[in-house]
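Input: a single structure, listed below in structure tokens.
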Amino acid sequence: MALTRSLAGITLAAGIFALAPLATATAAEAATTQATAAQAAFKPWGPYFAVGSKAKVSGSLTAAAKDDPSVPAPWVKVSGSVVDRTSSSSSCGWALFRVSWFDSSNTPHLAYRNYRTCSYNVKKKFAFTMKNVGEVELKVCSEGKAAKPSLNCQYAGTWKTLYAYYK
């Protein structure tokens, strides 16, 4: 009888020692899962083309993680490249971004970022970060050389939504 109790005690102790690393591993896995959930969301986008495939834009968007889907993202980073696909030296490929953001009193504002390249088949890289972002939209154009995009490029056609805080 004493021998069976001793063996039962040894078996119980061995079981506890054997399960201890599993409990530690489970806690580590839970911490890793929480850390992953708190990380920013990375989303590649594109390629998007101008009418007639005369310009191409592609890249990625990273949005900060948030607990409440009804509030804007604390920050959003957009990066990518624009390529002019016309062999004419008098035309350029444009990537136009329209970003809605909120100030400290929760008033919405619009900000614009424009990137162009006028060299045939050469990538022009870009990157920008904004805070309190509600939505990021993109438009791709190809038109003659100019210091800024034309009104036709800015207002004709539709914007492609890359990020919306409520989705």
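The values are calculated or read from the model by the stated rules, or taken from the named source; none is laboratory data. The shown structure was predicted, so the numbers you read here are calculated from the model rather than taken from an experiment. Positions of Cβ are backbone-derived with ideal geometry, glycine not excepted, and every protein chain shown enters the neighbour counts. Side chains are part of the model used for accessible areas, which takes the heavy atoms of the whole protein and leaves out ligands, DNA and RNA. Shrake-Rupley method; radii C 1.70, N 1.55, O 1.52, S 1.80 Å.
Please list Trp94, Trp75, Trp159 from largest to smallest accessible area, probe radius 1.4 Å, with all protein chains kept in place.
So the residues, ranked largest to smallest area, are Trp75, Trp159, Trp94.
If you take all C-alpha pairs in segment 41-164, what percent of them are over 18 Å apart?
51 percent
Could you give the dipole magnitude of segment 41-164 about its Cα centre, charging the beta-carbon of Lys and Arg +1 and that of Asp and Glu -1, in debye to the nearest 20?
Approximately 540 debye in magnitude.
How high is the relative contact order of segment 41-164, given as a whole-number percent (alpha carbon pairs under 8 Å, six or more residues apart)?
Relative contact order of segment 41-164: 27 percent.
Quick check on segment 110-167: take the gyration tensor over C-alpha atoms, sort the square-rooted eigenvalues as a ≥ b ≥ c, and tell me if it's rounded (a/c under 1.5), prolate or oblate.
Here segment 110-167 falls in the prolate category.
Calculate, in nm to one decimal, what Lys43 and Ser89 gain on full extension: separation in residues at 0.36 nm each, minus their alpha carbon distance.
Length gained, Lys43 through Ser89: 13.2 nm.
How much area per residue is accessible in segment 41-164 when the probe is 1.4 Å and only protein heavy atoms are counted (Å²)?
Per residue, segment 41-164 has 54 Å² of solvent-accessible surface.
So how do 133-140, 149-156 stack up, highest first, on mean other-Cβ count within 10 Å?
Per-residue mean Cβ counts within 10 Å order the peptides as 133-140, 149-156.
Using the Cα centre of segment 41-164 as origin and beta-carbon charges of +1 (Lys, Arg) and -1 (Asp, Glu), tell me which of Trp159, Ser53, Val140 is placed farthest towards the positive end of the dipole.
Sorting the options by dipole projection puts first Ser53.
Any idea of Phe42's accessible area? Nearest 10 Å², probe 1.4 Å.
Accessible surface of Phe42 is approximately 140 Å².
What is the antiparallel percent of DSSP beta bridges lying wholly in segment 81-167, to the nearest 5?
95 percent
May I ask you to derive the relative contact order of segment 36-94, considering only C-alpha pairs under 8 Å and at least 6 residues apart, and to give it as an integer percent?
The value is 32 percent.
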